[in-house]
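The values are calculated or read from the model by the stated rules, or taken from the named source; none is laboratory data. Predicted model only: the values in this text are computed from it and were never measured. Cβ placement follows ideal geometry from the backbone for every residue including glycine, while neighbour counts extend to all protein chains displayed.
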Amino acid sequence: MPWGSSKGPAREAYDRLLASGENVGWLYSVALHPLPDEVKNVLASADKIIVPELNYLGQWSSLLRQEGYKAESITQYTGLPFRPADLVVSIRERIDVGVTA
């Protein structure tokens, strides 16, 4: 569940994962707080929520975890945008191994 500038690369990574047969979903919300009820319902039913973030601390995933959701961060803080291919690798690692950030 990306937010902001992570949306484009995350969407491309999602499309690649889906095309390769991975069982993944997509959720993007422009409203962060309070989260819309529809978003809360989807988050509550998710086995895992992977959150790509362009910051050191993973603030968005931390907020989601504080709300009780199973959010896992993929952080990057190089000053550069995510590359979709890198996100595909990181997401697959979390799907296959069950990495918790």
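Structure notes:
- In the set Ala71, Ala31, only one residue is on the phi < 0 side of the Ramachandran plot and surrounded by fewer than 15 Cβ atoms within 10 Å (Cβ to Cβ); that residue is Ala31.
- Every condition in (1) touching a Lys or Arg at 6+ places or on another chain (Cβ under 6 Å); (2) assigned to a helix (DSSP H, G or I) holds for Ile50 except the one numbered (2).
- If you go through segment 19-39 and pick out every residue that is at pLDDT 95 or above and farther than 23 Å from Pro84 by Cα, you end up with 0.
Residue-by-condition table, conditions (1) in contact with a Pro (Cβ under 8 Å, 6 or more places away or on another chain); (2) at pLDDT below 95; (3) among the charged types (D, E, K, R):
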site: Ser5; (1), (2), (3): yes, yes, no
site: Glu12; (1), (2), (3): yes, no, yes
site: Leu17; (1), (2), (3): no, no, no
site: Leu63; (1), (2), (3): no, yes, no
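- Answer from Leu80, Leu63 - the residue that is touching a residue at least 12 places away in the same chain (Cβ under 8 Å) and among the hydrophobic types (A, V, I, L, M, F, W, C): Leu63
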